[in-house]
1. Within the set of pairs 6+ apart or on separate chains, which have a first residue in segment D:325-346 that is within 14 Å of chain A (Cβ to nearest Cβ), a second that is β-branched (Val, Ile, Thr), and C-beta atoms under 8 Å apart?
2. Could you list all residues from segment B:116-145 that are over 17 Å from residue B:270 (Cβ atoms), buried (at least 18 other Cβ atoms within 10 Å of the Cβ) and among the small types (Gly, Ala, Ser)?
3. Given (1) in contact with a helix residue (DSSP H, G or I) (Cβ under 9 Å, 6 or more places away or on another chain); (2) within 24 Å of residue B:230 (Cβ to Cβ); (3) within 11 Å of chain B (Cβ to nearest Cβ), where does residue C:304 come up short, assuming only one miss?
4. So, in segment C:183-230, of the ones that are aromatic (Phe, Trp, Tyr) and in contact (Cβ under 8 Å) with a residue 12 or more places away in the chain, which residue ends up most open to solvent (accessible area, probe 1.4 Å)?
5. Would a scan of segment B:147-161 turn up a residue that is in the same structural domain as residue B:264 (by TED's automatic domain parsing), open to solvent by 10 Å² or more (accessible area, probe 1.4 Å) and over 27 Å from residue B:324 (Cβ atoms)?
6. Here are the criteria: (1) charged (D, E, K, R); (2) in a loop (DSSP other than H, G, I, E, B); (3) closer than 20 Å to residue B:178 by Cβ; (4) more than 7 Å from every other protein chain (Cβ to nearest Cβ). Tell me which single one residue B:288 does not satisfy.
7. How many of the residues in segment A:236-275 are in a loop (DSSP other than H, G, I, E, B) and buried (at least 23 other Cβ atoms within 10 Å of the Cβ)?
8. Mind listing whichever residues of segment A:178-196 are within 19 Å of the chain's Cα centre (by Cα) and either among the hydrophobic types (A, V, I, L, M, F, W, C) or farther than 18 Å from residue B:346 by Cβ (or both)?
Number of protein chains: 4
Amino acid sequence: MLKVAIVGASGYTGVELLRILHSHPEVAVTCVTSEQSAGRPVSSVFPSLRGRCDIVLENLEPVGIAEKVDIVFTALPHKAAMEVVPTFMKMGKDVIDLSADYRIHDADTYGKWYEPHLNPELLPEAVYGIPELRRAEIAEASLIANPGCYPTSVILGLAPLLKGKVIDPKSIIVDAASGTSGAGRGAKVDNLYCEVNEGFRAYGVGGVHRHIPEIEQELSLLAGIPLNITFTPHLVPMDRGILSTIYSQPGGSVKASDLIALYEAFYDGEPFVRVLPEGVLPSTAHVRGSNFCDIGVTVDQRTGRVIVISAIDNLVKGASGQAVQNMNLMCGLPETLGLDLLPVFP
Amino acid sequence: MLKVAIVGASGYTGVELLRILHSHPEVAVTCVTSEQSAGRPVSSVFPSLRGRCDIVLENLEPVGIAEKVDIVFTALPHKAAMEVVPTFMKMGKDVIDLSADYRIHDADTYGKWYEPHLNPELLPEAVYGIPELRRAEIAEASLIANPGCYPTSVILGLAPLLKGKVIDPKSIIVDAASGTSGAGRGAKVDNLYCEVNEGFRAYGVGGVHRHIPEIEQELSLLAGIPLNITFTPHLVPMDRGILSTIYSQPGGSVKASDLIALYEAFYDGEPFVRVLPEGVLPSTAHVRGSNFCDIGVTVDQRTGRVIVISAIDNLVKGASGQAVQNMNLMCGLPETLGLDLLPVFP
Amino acid sequence: MLKVAIVGASGYTGVELLRILHSHPEVAVTCVTSEQSAGRPVSSVFPSLRGRCDIVLENLEPVGIAEKVDIVFTALPHKAAMEVVPTFMKMGKDVIDLSADYRIHDADTYGKWYEPHLNPELLPEAVYGIPELRRAEIAEASLIANPGCYPTSVILGLAPLLKGKVIDPKSIIVDAASGTSGAGRGAKVDNLYCEVNEGFRAYGVGGVHRHIPEIEQELSLLAGIPLNITFTPHLVPMDRGILSTIYSQPGGSVKASDLIALYEAFYDGEPFVRVLPEGVLPSTAHVRGSNFCDIGVTVDQRTGRVIVISAIDNLVKGASGQAVQNMNLMCGLPETLGLDLLPVFP
Amino acid sequence: MLKVAIVGASGYTGVELLRILHSHPEVAVTCVTSEQSAGRPVSSVFPSLRGRCDIVLENLEPVGIAEKVDIVFTALPHKAAMEVVPTFMKMGKDVIDLSADYRIHDADTYGKWYEPHLNPELLPEAVYGIPELRRAEIAEASLIANPGCYPTSVILGLAPLLKGKVIDPKSIIVDAASGTSGAGRGAKVDNLYCEVNEGFRAYGVGGVHRHIPEIEQELSLLAGIPLNITFTPHLVPMDRGILSTIYSQPGGSVKASDLIALYEAFYDGEPFVRVLPEGVLPSTAHVRGSNFCDIGVTVDQRTGRVIVISAIDNLVKGASGQAVQNMNLMCGLPETLGLDLLPVFP
């Protein structure tokens, strides 16, 4: 049994880790932390866990935690993560960090979008953990930068087109929409029920959303040249799910059936990517609660543009599920262990 | 491996059976039927299943089906169920019927609330499948009448009070509310998104809802005397969940803490009933997607009334989850096999 | 033109007052206050108002405000209201207070449920402003205690039965459910989108909700004897609306048609109460955005109980709409002025 | 008083016309029709109308209707509209058609996207009724083709950029999202509550949505050259609202502040278009129930693209509200009469 700590367990990605790991036959969660709720059972913070996961939340004391566990998930806000990750690393623990702190390879870029990095020397060690693109490296890594939710949907959505050099890398526009759990559990007026419900709006428009640098980093690697994208996130009145509708211009005339064949080949054998048949489009409702990424591909015959639509559950493939997938790879376990949960529909 | 058929798999309880059984290590679903979608893969009707459950829907031919499987779930509308269950029985198959057809012991009562029963001779064989009250009988049964969703929440909510003779059996008022999946997948204007969303309403008021006879039958058995209840269902703009708020008059003065102790003793060791501590109340959000029934008990000190609140997921403990729990018992499997899924929150 | 102040305009009842008064031909809102947003246009706090109501929020300085207006709506939390209402009164202004501070006639009762009253000498002057029951007094009043949202739905729902001495006053059970705007605009985790959405739960169970004393006060007056009720509020994942399902025991056997005739007579000519025909039940969706109270009446023939269901929009008839109705009466204007807005459906 | 008929009053645009016209001081709705509900009061189909609009639905007999009214709103499906509009025209009645039947000037284009046109000779008479662009023509017209919901949001969103020749007309990508009332009130599985709720998906992707030809027609007129767009609609789990996020490439480098100034000048004095200040973005929640179109403009400095976001209520400015605005212009009434309703928030 792997002994696991979840550092920062009072947010939505924390409870989702607990839900998933509860079904994992090789894991025991032996430590959960929360600054604000230390001393209370995690099931008093998340009553859904009652009777199955009543472990008491602890304060975040990295050394003490490291002594008790084999592997650490850090589900902290950015900055808070890089304040403690080095300690876990020094004590020889594998770390899967769900924050943004180790996703950007270049410390200056990180500094520009976030703030000065506290331990840039760790950046070369960190592996951006998207298993479909980097399975072998993940298996060898000690520090996983678990990808952001929007980036996961966009990178998986575009990888075959960029690798296959089908599209102009300068032409990418990503119009994405997320359920409200992506905004976290902080008590803000903007996230109140009545502020979100029955409304649809964009936010962070015009090239300012912090997921942009990690998307561009990974897409540039896939394309083999640096690229910039236009990225517009929207907020949807629902709990879970991200849908990214991605526009790009192909080099020449392309057919949807050929592109779908390309995607099927690229993702052949992948357990969690479902390439949809021609004419079928994904919905966040059909991946809810699961680790799937569903991808549909279309060509607008009138304008020639390629339209890729990818759907994930932001808390699963976009966060905690992918983190467990990475853990399985790091620990030599079957990649789907604990993750073969079907979507909850309706 | 148990070979299982799901007869009537194109509704919400059908897809929920498929979701749950996918995580069940001792079951293979080898036959699914649907009159309207025969010939299509079930994953084209429910895209959430794609890649994991692509079995083709068949026409409902009981003899042919019975030859292929060990056990049959019938997830048909009432009447349609009793048209085919006898054939499965004659061929020696265990049947778990999710319709109302075998829930009412008395054929006349069934006839009054539904229509004339087609095979009343089977009624004495059918066991009303609520494991917490009837575990041994279920293990011996060949035909399970799987309880209705509202009845499950009410019976589990009241059993300790009635068995313990704490309350006046004539004083019971049940005010219940259900998510919209309880209304099924039929194409009706009343169930359209815009008709349900942003509204709250009662329906079937005044002693006319068809779940009343089965609730009264079971409560009368618990109380040891015949009783009538007032039952008012409401429709909530959400997918899943039933919350029953149950009022009754105790014989004398009672304390919440004593009643909670009574509930804890009654449900001691039950894997799926969570009796909440004093001052804590259930929410459907905390059982969503799971087989739990959460129960909170309070006393209104000013009026003396006892208030019990119970929450379930109508598609799990209120239908498909309880059906699998019954199957496990019938087949001598561990009762929680395939069912230890934590609630999906948020 | 009446000059009107809205004191405490940054909550949901504040913006609803602004929405309604914008359609009122005899009113000019000349002053709006907010402690936290003073100096900003109210339309920056509520962008729905942009271009139509861009008045700047002021600090709450009662004397200065009183000099500028004819009538004051106080949409403050309890306690904050009674800190300023006396100043408005002394300066001869009519006040419509939307808080609880002047609803309870008895200062001790207020003290028990809230806190010591700061100006109990004003209580005899305050008129509990439910126009259908107290039209003449309201017209003469200088201080209106605008009723709570739940109380409005319950009092209108029960008045004919109690006045007509049809039911046992000790037998009343109110099971009510409210949209989330009733919880206000405060930044609390409990009211976040993901905490409320897809869930249904009771709160304040067991005789502890602060709307109980005002409901019991008014029902006791109607019944002619003191009474206690059992009251259970629930939270519904929707923005607006209250539905109260009210159970009681009639003295003898009654028929729904007779009771409906009683209600029709009682509310004959009322512009905002719609008594529904037999067999028709109200939904909050059908009163959304309007000042209507829809009432349906049924008898459970099997148990003899009377079931009354009443629906209002908690922000309109349950707060700001009723406040404007009271204002019209106090100012000698037609009672429906500015309020004849049809429900917004869907 | 204008006497008005609403032909096809049992859908969501029909009930919205009735809601708006109820507040219109110069209009009496004297005839409403519905094939499926003829003989019943419209308030039995839409209980929100009860007590204020109980007029009985009639069969659609154009000659008889024409004799009774001054002006006709046809809220029928396409094809059904063009079957009756000529009769109303021949009898000298002004018609505002909310279907697609008279929106496309070119009968062949109509035929390609819909079906052969039944009375192409009327097309030159029909004015595409978007008052902000065509006020004078509308005032003179006898037949208004009331614009589609998506087209209204897109055309108002792009008019200043195209008229001002700021952007490359070939570069337009429209990513739009609509509430579910846009899908109508037909009883289809796809529109059931549980199918729509908690999901987000695109539909009609790849240049096949029928609103494309009318968008392209109007944008081409504005640009002065023919153009094609990429248009992707999405379905949002909410009742009302359309948000269009529109991407385009400017000729050179542009600044958001300059573009906003351009929009403010273009829409100067318009009662229903609100151009938002720099840094402020629209939400459908802030226009709900109103005739507003809110527009925000941004430039992605990193890619140079212009991003325009426009929000409307699809049933008001996107259908029935704009129809009443057109009626006011046709009849020489103040343009905002009956339409100055503030958004309902929350």
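The values are calculated or read from the model by the stated rules, or taken from the named source; none is laboratory data. This structure is a prediction, so every number in the text was calculated from the model and none was measured. Note: ideal-geometry Cβ built from the backbone for every residue, glycine included; neighbour counts use all protein chains shown. For accessibility, only protein heavy atoms count, side chains too; no ligands or nucleic acids. Shrake-Rupley method; radii C 1.70, N 1.55, O 1.52, S 1.80 Å.
1. Final answer for the pair search is D:343/D:287; D:344/C:344; D:345/C:15.
2. Correct list: B:126, B:141, B:145.
3. For residue C:304, the failing item is (1).
4. Among those that are aromatic (Phe, Trp, Tyr) and in contact (Cβ under 8 Å) with a residue 12 or more places away in the chain, it is C:203.
5. Within segment B:147-161, not a single residue is in the same structural domain as residue B:264 (by TED's automatic domain parsing), open to solvent by 10 Å² or more (accessible area, probe 1.4 Å) and over 27 Å from residue B:324 (Cβ atoms).
6. Among (1) charged (D, E, K, R); (2) in a loop (DSSP other than H, G, I, E, B); (3) closer than 20 Å to residue B:178 by Cβ; (4) more than 7 Å from every other protein chain (Cβ to nearest Cβ), the lone unmet condition for residue B:288 is (4).
7. 7
8. Scanning segment A:178-196 gives a single hit, A:183.
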